[in-house]
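Student: Sharing a structure here in structure tokens format.
The values are calculated or read from the model by the stated rules, or taken from the named source; none is laboratory data. None of these values were measured; they are calculated from a predicted model. Cβ placement follows ideal geometry from the backbone for every residue including glycine, while neighbour counts extend to all protein chains displayed.
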Amino acid sequence: MTATAAFAQTEAELKAALAEKKDSIAAIQGRADAIKAQIAALPGWKTGAFGTIGGSISNFNNWYAQGIPNNSSGNIGFTVNAFANLQEEKFFWRNSGNLNLSWVKLDDEDDPTDNDGFRNAVDVFNLTSLYGWKLSEKFAISALGEYRTTLLDNFNDPGYLDLGVGGTWTPLANLVVVVHPLNYNFVFSDEDTIFESSLGAKVVADYTRDIGAIAFKSNLSAFLSYEGSDLNNWTWVNSFSYTLWKMIGVGFDFGLRSNKQEAVNYAVNTLGDTDADFDSVDNDLQTYWTLGLSYKF
């Protein structure tokens, strides 16, 4: 009994010491975050990038339990998030880009007519440039340019270019909120009867931060048309990276999107429903996600 009591007391002391160490680590991290915020607020250019890459390949021979017993398959995808921000006493200029591409393949070796190559699965490209003239430490009048399209499939068909002016609020060093009540959404497409440019309001919220080994970015971009809700669109993209060793780690990306013009275009030109219109088509939520190895630049 004496030996057991001594062991229990020692364990309790160790747990107490561990709690103190954790408190110390939290305090150090808090001071480090404060210093990072001060560095971010210093004048001059700040640049950075991080990304995710994931992939797999497989081969089956005479695996009769599945519908295609002889096949080779694979998928590969990558995401890159980059930024270049200029901070000065009276103004700022924030630039960012997001690229997400992936390919998949399923080769049925018993069917010589099937597609045995890699096909594009995810295709996302986005560039944003925001200029602001500071009226105070946290508020500025601003101008925004944002371009979104696909690179591999139907480049600039459709493509979206937002140009607008309004205000930008930066309540935190890592958070930028843009509200532009005067914005024109240019839509480029061969399908003029479906896609339409319009005047509206632009709202963007971007949060980017590093916490120790974790880097993450969340960006919401929404356009609200003054000419009807059918012309509204929004995209929310999130990227997470956890560094395990040196610059290599695990990354996870996911995105959500809503665009009724794209839903109608898909129904008419891909599904062949020539009677589809804004009243008959369901604007289903668009989603994607990528999980794989990450590399932090």
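Student: Out of curiosity, is residue 136 assigned by TED's automatic domain parsing to the domain that holds residue 253, in contact with a helix residue (DSSP H, G or I) (Cβ under 9 Å, 6 or more places away or on another chain) and farther than 20 Å from residue 46 by Cα?
Tutor: Numbers: assigned by TED's automatic domain parsing to the domain that holds residue 253: yes; in contact with a helix residue (DSSP H, G or I) (Cβ under 9 Å, 6 or more places away or on another chain): no; farther than 20 Å from residue 46 by Cα: yes.
Judged against the criteria, residue 136 is not a match.
Student: Those residues that are among the hydroxyl-bearing types (Ser, Thr, Tyr), touching a residue at least 12 places away in the same chain (Cβ under 8 Å) and over 22 Å from residue 256 (Cα atoms), I need them from the stretch 123-140; list them, please.
Tutor: Quick first cut of the stretch 123-140, residues among the hydroxyl-bearing types (Ser, Thr, Tyr) only: 128-129, 131, 136.
Filter once more, keeping what is touching a residue at least 12 places away in the same chain (Cβ under 8 Å): 128-129, 131.
Hit for the stretch 123-140 is 131, nothing else.
Student: Among (1) within 26 Å of residue 130 (Cβ to Cβ); (2) modelled with pLDDT under 90; (3) aliphatic (A, V, I, L, M), which single condition is residue 194 missing?
Tutor: With respect to (1) within 26 Å of residue 130 (Cβ to Cβ); (2) modelled with pLDDT under 90; (3) aliphatic (A, V, I, L, M), residue 194 is out only on (1).
Student: Being closer than 25 Å to residue 141 by Cα and either in contact with a helix residue (DSSP H, G or I) (Cβ under 8 Å, 6 or more places away or on another chain) or outside the structural domain of residue 140 (by TED's automatic domain parsing) (or both) is the filter here, so list the residues in the stretch 188-221 that pass it. Give the derivation first.
Tutor: Going residue by residue through the stretch 188-221, those that are closer than 25 Å to residue 141 by Cα are 197-209, 217-221.
Those that are closer than 25 Å to residue 141 by Cα and either in contact with a helix residue (DSSP H, G or I) (Cβ under 8 Å, 6 or more places away or on another chain) or outside the structural domain of residue 140 (by TED's automatic domain parsing) (or both): 198, 200.
Student: Related question: If a residue has to be surrounded by fewer than 17 Cβ atoms within 10 Å (Cβ to Cβ) and either assigned to a strand (DSSP E or B) or outside the structural domain of residue 225 (by TED's automatic domain parsing) (or both) to count, how many in the stretch 155-168 make the cut?
Tutor: Going residue by residue through the stretch 155-168, those that are surrounded by fewer than 17 Cβ atoms within 10 Å (Cβ to Cβ) are 155-157, 163, 165, 167.
Still in the list and also either assigned to a strand (DSSP E or B) or outside the structural domain of residue 225 (by TED's automatic domain parsing) (or both): 163, 165, 167.
Summing the residues that are surrounded by fewer than 17 Cβ atoms within 10 Å (Cβ to Cβ) and either assigned to a strand (DSSP E or B) or outside the structural domain of residue 225 (by TED's automatic domain parsing) (or both) in the stretch 155-168 gives 3.
Student: Something else: Please pick out the residue among 85, 120, 98 that is part of a strand (DSSP E or B), in contact with a helix residue (DSSP H, G or I) (Cβ under 9 Å, 6 or more places away or on another chain) and touching a residue at least 12 places away in the same chain (Cβ under 8 Å). Quick ask: steps written out before the conclusion?
Tutor: On the way: 120 fails: in contact with a helix residue (DSSP H, G or I) (Cβ under 9 Å, 6 or more places away or on another chain); 98 fails: in contact with a helix residue (DSSP H, G or I) (Cβ under 9 Å, 6 or more places away or on another chain).
Exactly one of 85, 120, 98 is part of a strand (DSSP E or B), in contact with a helix residue (DSSP H, G or I) (Cβ under 9 Å, 6 or more places away or on another chain) and touching a residue at least 12 places away in the same chain (Cβ under 8 Å), namely 85.
Student: Moving on. Within the stretch 273-297, take every residue that is under 30 Å from residue 78 (Cβ atoms) and among the hydrophobic types (A, V, I, L, M, F, W, C) and give me the one that is surrounded by the most Cβ atoms within 10 Å (Cβ to Cβ). Break it down into steps so the answer makes sense when it comes.
Tutor: Here is the first cut: in the stretch 273-297, the residues under 30 Å from residue 78 (Cβ atoms) are 283-297.
With the extra rule that they be among the hydrophobic types (A, V, I, L, M, F, W, C), the set shrinks to 285, 289, 291, 293, 297.
Details: 285: 7, 289: 13, 291: 14, 293: 16, 297: 11.
Out of the qualifying residues, it is 293.
Student: Can you name every residue in the stretch 105-137 that is closer than 30 Å to residue 255 by Cα and modelled with pLDDT of 90 or more?
Tutor: If we filter the stretch 105-137 for residues that are closer than 30 Å to residue 255 by Cα, which is where we start, we get 105-107, 115-132.
Of everything in the stretch 105-137, those that are closer than 30 Å to residue 255 by Cα and modelled with pLDDT of 90 or more turn out to be 125, 126, 127, 128, 129, 130, 131, 132.
Student: Now a separate question. Does residue 38 count as surrounded by 12 or more Cβ atoms within 10 Å (Cβ to Cβ) and either closer than 28 Å to residue 209 by Cβ or modelled with pLDDT of 90 or more (or both)? Can you show your working first?
Tutor: Working: surrounded by 12 or more Cβ atoms within 10 Å (Cβ to Cβ): no; either closer than 28 Å to residue 209 by Cβ or modelled with pLDDT of 90 or more (or both): yes.
Taking the combined requirement at face value, the residue does not satisfy it.
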